[in-house]
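Report on the following structure.
Taken together, the values in this text are just the output of simple stated rules run on the coordinates, not laboratory data. These numbers were taken from a predicted model, which means no experiment stands behind them. Note that we place each Cβ from the backbone using ideal geometry, even for glycine, and neighbour counts take in every protein chain shown.
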Amino acid sequence: MKAAEPGTRSVTAEPLTAAAFAPFGQVIDTAGTAPRPMNAGMARRFHDLAAVEVVGEGARVVVGLVEAQPYALPLRLSLVERHPLGAQAFVPLSAAPFLVVVCPDEDGKPGRPRAFVTAGGCQGVCYARGTWHGVLTPFGARQDFVVIDRGGPGENLAEHTFAHPWTIHLPGGN
Ligand SMILES: NC(=O)N[C@@H](O)C(=O)O
Ligand code: NI
């Protein structure tokens, strides 16, 4: 089979759904989860939406805040990463969509990327431990996020640079 010419490798993002994302992690949103009342009915909780697995000596779950600048679209994807010691969750603090790029693992290397656009609102994602993913990718405007992932000792970042970049498009082209 003729190899793709450099620069012609493109992927079009699809809407993010729990089923489509299941091989890569979990979707964090209120759809499909019955809320639990709390605080005498003054609040309601959508419980246990994602699991943030962390492994290794001294591993801790940590919470951070991220101020992320927007990326130009279509996205030129040349690098993906993964965290072998922990899951990583991002929940937006502003109700806008962002781009999520993941890859299946093929013998320790990332395979063909899959891209998703979140639904907007405050829909987030939790990458399962060891899942290849692009870095956090807002578009259109700066977007701030809560990040929940692993703290503690050990090397928790593996990166891969594609020999030929991928171009990631939103549905509809750009
Ligand atoms: N480095 C960091 O905290 N963020 C990345 O892992 C990312 O997925 O954006
Ligand atoms: Ni990451």
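So here's what we get for this one:
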read-out	value
Estimated vicinal HN-Hα couplings, Hz - the range 39-48 in sequence order (Karplus 6.51, -1.76, 1.60; Gly, Pro = x)	6, 6, x, 7, 8, 9, 10, 9, 8, 6
Diffusion constant of the range 10-169 at 20 °C, which comes from Stokes-Einstein with the Kirkwood Cα-pair radius and 1.002 mPa s, µm²/s	131
Simple Cβ-charge dipole of the chain, Lys/Arg +1 and Asp/Glu -1, about Cα centre, in debye nearest 20	320
Alpha carbon centroid spacing (whole Å) that separates the range 63-100 from the range 150-165	14
Residues whose placed amide H lies under 5 Å from that of G25, excluding near-sequence neighbours	A128
Interchain or long-range residues, amide H under 5 Å from L93's placed H	D144, F145, V146
Förster radius 25 Å - calculated FRET efficiency between A119 and L65 (Cβ-Cβ, nearest 0.05)	0.70
Per-residue ³J(HN,Hα) for the range 162-173, Karplus 6.51 cos²θ - 1.76 cosθ + 1.60, θ = phi - 60°, Hz, x for Gly and Pro	5, 4, 10, x, 9, 10, 9, 9, 6, x, x, x
Efficiency of FRET from Cβ geometry, S10 and L93, R₀ 35 Å, rounded to 0.05	0.70
